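Engineer: This is the structure, below, for whatever I ask next.
The values are calculated or read from the model by the stated rules, or taken from the named source; none is laboratory data. This one's a predicted model, so the numbers in the text were calculated from it and none came from an experiment. All Cβ positions, even for glycine, are placed from backbone atoms using ideal geometry, and neighbour counts span all protein chains on display.
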Amino acid sequence: MDNQALSIVDKRTQSAYEIPIHDGTIRAMDLRQIKTGPDDFGLMTYDPAFMNTASCKSAITFIDGDKGILRYRGYPIEQLAEKCSFLEVAYLVLFGELPNEAQLKEWVGQVTHHTMLHETTKKFLEGFRYDAHPMGMLISTVAALSTVYPDARHVLDPESRKLQILRLVGKMPTIAAYTYRHSLGLPYVYPDNDLSYTENFMNMLWKMTEPKYQANPILARALDILFILHADHEQNCSANVMRSTGSSQADPFVATAAAAAALSGPLHGGANEEVLKMLDEIGSKDKVPAYIDQVKAGHMKLMGFGHRIYKNYDPRARIIKWAADRVFEVTGRNRRLDIALELERIALEDEYFIKRKLYPNVDFYSGIIYQAMGFKPEIFTVLFAIPRTAGWLAQWQEMLEDPEQKIARPRQVYTGHAVREFVPLEKRSVPAAPTAA
Ligand code: SDX
């Protein structure tokens, strides 16, 4: 065996083992041979929150957290954000190559013709209170679409998968816009097929009585760039949920709803909404030092800062900051930006954050842009879910096509009671009343 191996001696038995190394990993199943005797189950790895566990092989997104590198299918995010439309990048993420002119035209046409929602969808939405959180409405509505498209359960049929991908990529902006209009008590705006993906989203959000919605091209391009930056991010929390849910061969609508549910958490995609709340809580630049002291004392986290992978600047944050300047040229500078810039300036000089390698992540500036563009904080995570749907579906499809993958079912380390005899109800002791403190 070449030197691409670990030599392990089990001191419990003095037995030696050669464990092959592939792609910088060892197979956890290769550890099961390490036993203390025939009745021993064998060694497992224990890795809460998967801090050091590769759950799959993937060719979709590459991240180098130390160098601040992010690439979709090998292309640097900076080039894609500068030169592509979101749908072009969605095609790349989903199918592995940048589309040629004919492929792009066909793809945009197909997605455009899947933006309409079945009319019953409005009835789902009417069931929500006026103040229901848009993420709750989006998650529920996406899951409900599973009942509208029962053919989606044919997950092993590539043609069916392609149709569901078109439906989900096409309909996410419509669902998002409908949740927003519902929360404002406004009539729904139907898709306008003359508009681009992002302009049509803006149309469905903001069209009022004008005969034809006219999107501000600078804001539309900024939103398209934000969609590109959010398209995929390898095995993040919600992608893991997409893969795990899809591994039982559940249909892609309920799997996408599950992934969106994971995204809604404040430590994940919900952070962009929390950043705005944090900036409003700080209120002004001069109050930033006191807030940072609170964070360093452990009373709260600095929302929009830190990342499991990026131990250097999140490359997306840098591009978003560039886009923010373009947006503020249209909308006017935002006082929240001044607070955010001061927060970043102080944090990046402070040992607490430097030692923990905490830098602004994708959520730190995105919320400020969204708010300046007129979005309410409650819809920020919905704006994350729209483009990430392409990434989730790419991960889902790659999982289904991977011959090594099967239903996800982790092991555990059992820490409960050893076997014990049943106690009849009448013999169960009444716990002593807690003594008053
Ligand atoms: C996204 O994974 C992805 O790729 C996600 C994402 C994507 O595109 O899919 O990039 C999108 O989710 C971005 C992250 C958005 N979340 C936030 O901004 C919330 C605030 N950030 C943190 O909660 C945290 O940084 C995480 C969740 C992002 C990462 O958490 P880790 O990797 O589990 O790190 P940790 O909690 O173990 O923290 C290590 C140390 C701890 O201090 P000590 O216990 O060592 O003293 O750093 C501290 C943490 O307390 N810390 C922070 C902090 N983040 C970590 N302290 C203050 N503020 C923070 N934001």
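Engineer: Given (1) in a helix (DSSP H, G or I); (2) at pLDDT 95 or above; (3) under 16 Å from the mean Cα position of the chain (by Cα), where does GLN294 come up short, assuming only one miss?
Structural biologist: The failed condition is (3).
Engineer: Please determine whether any residue of segment 383-390 is within 16 Å of the ligand (Cβ to nearest atom) and farther than 30 Å from LEU184 by Cα. First the steps, then the outcome.
Structural biologist: Our first condition is that a residue be within 16 Å of the ligand (Cβ to nearest atom); within segment 383-390, this holds for 383-390.
Cutting the leftovers down to farther than 30 Å from LEU184 by Cα gives us none.
Within segment 383-390 (the criterion being within 16 Å of the ligand (Cβ to nearest atom) and farther than 30 Å from LEU184 by Cα), the answer is no, since none of the residues qualifies.
Engineer: Looking at segment 28-43, which of its residues are under 25 Å from LEU400 (Cα atoms) and either surrounded by 13 or more Cβ atoms within 10 Å (Cβ to Cβ) or acidic (Asp, Glu) (or both)? Working first, answer last.
Structural biologist: Initial filter on segment 28-43 (under 25 Å from LEU400 (Cα atoms)): 28-30.
ALA28, ASP30, listed by residue number.
Engineer: Still on this structure: For segment 63-73, state whether one or more residues are surrounded by fewer than 13 Cβ atoms within 10 Å (Cβ to Cβ), free of Cβ contacts under 8 Å to residues at least 60 places away in the same chain and at positive phi. Before you say what the answer is, go through the steps one by one.
Structural biologist: Looking only at segment 63-73, we keep the residues that are surrounded by fewer than 13 Cβ atoms within 10 Å (Cβ to Cβ), and these are 66-67.
Checking the rest, the ones that are also free of Cβ contacts under 8 Å to residues at least 60 places away in the same chain come to none.
There is no residue in segment 63-73 that is surrounded by fewer than 13 Cβ atoms within 10 Å (Cβ to Cβ), free of Cβ contacts under 8 Å to residues at least 60 places away in the same chain and at positive phi.
Engineer: If you don't mind, there's one more thing I want to ask. Within segment 97-107, can one find any residue that is of a type outside the set (S, T, N, Q) and in contact (Cβ under 8 Å) with a residue 40 or more places away in the chain?
Structural biologist: no
Engineer: Ok, one more. Considering only residues that are within 8 Å of the ligand (Cβ to nearest atom) and surrounded by fewer than 13 Cβ atoms within 10 Å (Cβ to Cβ), which ones fall in segment 282-307?
Structural biologist: Matches in segment 282-307: GLY298, MET300.
Engineer: Among residues belonging to segment 318-330 that are within 16 Å of the ligand (Cβ to nearest atom) and touching a Phe, Trp or Tyr at 6+ places or on another chain (Cβ under 6 Å), point out the one that is nearest to ILE228 (Cα to Cα).
Structural biologist: In this case the residue turns out to be ILE320.
Engineer: If you don't mind, another one. Name the residue that is nearest to the ligand (Cβ to nearest atom), counting only residues in segment 347-363 that are at pLDDT 90 or above and surrounded by fewer than 20 Cβ atoms within 10 Å (Cβ to Cβ).
Structural biologist: Per the stated criteria, the residue is ARG356.
Engineer: A follow-up question, please. Checking TRP396 against (1) over 30 Å from LEU276 (Cα atoms); (2) over 15 Å from the mean Cα position of the chain (by Cα); (3) in the same structural domain as LYS171 (by TED's automatic domain parsing), only one condition comes out false. Which one?
Structural biologist: TRP396 satisfies all of (1) over 30 Å from LEU276 (Cα atoms); (2) over 15 Å from the mean Cα position of the chain (by Cα); (3) in the same structural domain as LYS171 (by TED's automatic domain parsing) except (2).
Engineer: Another question, if that's okay. Identify, by number, the condition in (1) assigned to a helix (DSSP H, G or I); (2) touching a Phe, Trp or Tyr at 6+ places or on another chain (Cβ under 7 Å); (3) near the ligand (Cβ under 8 Å from one of its atoms) that GLY269 doesn't meet.
Structural biologist: (1)
Engineer: On the given criteria, is ALA260 of a type outside the set (Val, Ile, Thr), modelled with pLDDT of 95 or more and in a helix (DSSP H, G or I)?
Structural biologist: On the way: of a type outside the set (Val, Ile, Thr): yes; modelled with pLDDT of 95 or more: yes; in a helix (DSSP H, G or I): yes.
Yes; evaluated as a whole, the condition is true for this residue.
Engineer: If you don't mind, there's one more thing I want to ask. Scanning for something within 14 Å of the ligand (Cβ to nearest atom), at pLDDT 95 or above and either outside any helix (DSSP H, G or I) or polar (S, T, N, Q) (or both), does segment 73-93 turn up at least one residue?
Structural biologist: For segment 73-93, residues within 14 Å of the ligand (Cβ to nearest atom), at pLDDT 95 or above and either outside any helix (DSSP H, G or I) or polar (S, T, N, Q) (or both): absent.
Engineer: If a residue has to be surrounded by fewer than 24 Cβ atoms within 10 Å (Cβ to Cβ) and either within 8 Å of the ligand (Cβ to nearest atom) or among the polar types (S, T, N, Q) (or both) to count, how many in segment 246-266 make the cut?
Structural biologist: Here the count works out to 5.
Engineer: So in segment 308-317, with the set limited to residues that are more than 8 Å from the ligand (Cβ to nearest atom) and touching a residue at least 60 places away in the same chain (Cβ under 8 Å), which one is nearest to the chain's Cα centre (by Cα)? Outline the logic, then answer.
Structural biologist: Just the residues of segment 308-317 that are more than 8 Å from the ligand (Cβ to nearest atom), to begin with: 311-313, 315, 317.
Going one step further and asking which of them are touching a residue at least 60 places away in the same chain (Cβ under 8 Å), we end up with 311-313, 315.
Working: LYS311: 19, ASN312: 20, TYR313: 18, PRO315: 16 Å.
Selected residue: PRO315.
Engineer: Only one of (1) under 20 Å from ALA176 (Cβ atoms); (2) assigned to a loop (DSSP other than H, G, I, E, B); (3) away from the ligand (no atom under 16 Å from the Cβ) is not met by ALA231, so which one is it?
Structural biologist: (3)
Engineer: Could you list, in sequence order, the residues of segment 285-316 that are closer than 14 Å to VAL362 by Cβ and small (Gly, Ala, Ser)? Give the derivation first.
Structural biologist: Going residue by residue through segment 285-316, those that are closer than 14 Å to VAL362 by Cβ are 303-310, 312-316.
Result: GLY304, GLY306.
Engineer: Looking at ALA222, ALA215, can you tell me which residue is away from the ligand (no atom under 15 Å from the Cβ), touching a helix residue (DSSP H, G or I) at 6+ places or on another chain (Cβ under 9 Å) and either among the basic types (Lys, Arg) or part of a loop (DSSP other than H, G, I, E, B) (or both)?
Structural biologist: The unique qualifying residue is ALA215.
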